[in-house]
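Inspection log for the structure reproduced underneath, given as structure tokens.
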Amino acid sequence: MRLYTPATNYGLRPDLAVIAKSIETESRVLDIGCGDGALMDVLVENRRCDARGMEIDGACVERCVAQGLSVVQGDANRDLADYPDKGFDYTVLSQTLQTATRPDEMLDQLLRVGRQAFVSFPNFAHWRTRAALMFGGKMPVTRAIPVSWYETPNIHHVTVKDFRELAQEKGAKIEREWFFSSGLPVTAGTNWRAEFAVFQLSR
């Protein structure tokens, strides 16, 4: 397992930093749910990648385009179907899987469009989440889940164990995996100690 090195994080949050470092230079990358384009900018400037983005938020798309990034407005739940098989070396879905209508179908699309896929997500089995439910009897508000249940875009509560099982069901090979809590790597007890997980997959 390759660990995250803070000295080379490119100013990105931990999951995006480890993805940026793991993508080979001069690759074709599709960043799905690219947000403000931070990862794409690093891939273009530091890794010489041909990076494209898809984002549902029109304001984010405008900001990305204003920075010279190649981003289109689209809904990954339906628009990924328009992309050709293996049209990219890598697809990236960062902290978006839990908002997908059907995460299982989304994973299929990621591995169809890309030769490899990176997926990161908040781990809903983290001990703070468990404690909030067990002792407070309420849906948690934590660092990883910072808004109340009625505001959150998260519609599927995925855990590290859940995702590993999904990958197996889909015939996806887990190439590498990383786990973080408070921005630092977690190497043991990941299903309850990690706030966020990152998986690199192929098929």
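Bear in mind these aren't lab numbers, they're just calculated from the coordinates by the rules spelled out. Everything numeric here is computed off the predicted structure, so don't read it as measured data. Glycine also receives a Cβ, built like all others from the backbone with ideal geometry; neighbour counts cover every protein chain displayed.
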Cα gyration tensor shape for region 87-203, rounded if a/c is under 1.5, else prolate or oblate: prolate
Amide H contacts under 5 Å for Thr142, placed H, 5+ residues apart: Val147
Listed residue (Leu111, Tyr83, Met54) projecting farthest to the positive dipole end of region 53-129, Cβ model: Leu111
Under Karplus coefficients 6.51, -1.76 and 1.60, residue-wise ³J(HN,Hα) of region 72-88 in Hz, glycine/proline x: 10, 7, x, 9, 4, 4, 10, 7, 4, 4, 7, 8, x, 4, 6, x, 9
Reciprocal mean inverse distance between Cα atoms of the chain - Kirkwood radius, Å: 17.2 Å
Exposure rule at most 13 other beta-carbon atoms within 10 Å, DSSP loop GluC sites (Glu not before Pro): the chain longest free segment: 27-150
Listed pairs Lys86/Lys173; Lys21/Lys173; Lys21/Lys161 exceeding 22 Å between Cα atoms: Lys21/Lys161
For the chain, the longest site-free run once chymotrypsin sites (Phe, Trp or Tyr not before Pro) in DSSP loop states with at most 13 other Cβ atoms within 10 Å are removed: 1-148
Residues with amide H under 5 Å from that of Ala51, placed H, sequence gap 5 or more: Val29
Integer Hz, Karplus 6.51/-1.76/1.60 couplings in order for region 144-157, x for Gly and Pro: 7, 10, x, 10, 5, 4, 7, 9, 5, x, 6, 10, 10, 9
Region 1-159 - charge dipole about Cα centre, Lys and Arg +1 at Cβ, Asp and Glu -1, debye rounded to 20: 700 debye
Normalised contact order of the chain, rounded percent, pairs of Cα under 8 Å and 6 or more residues apart: 20 percent
Ranked list, fewest to most other Cβ atoms within 10 Å of each Cβ, for Met139, Met40, Met54: Met139, Met54, Met40
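Taking the Cβ of each residue in Ile145, Ile174, Ile56 as the centre, tally the other Cβ atoms inside 10 Å and list the residues starting with the fewest. Display every interim value, and only then the final one.
Working: Ile145 22, Ile174 13, Ile56 16.
Ordered by Cβ neighbours within 10 Å, fewest first: Ile174, Ile56, Ile145.
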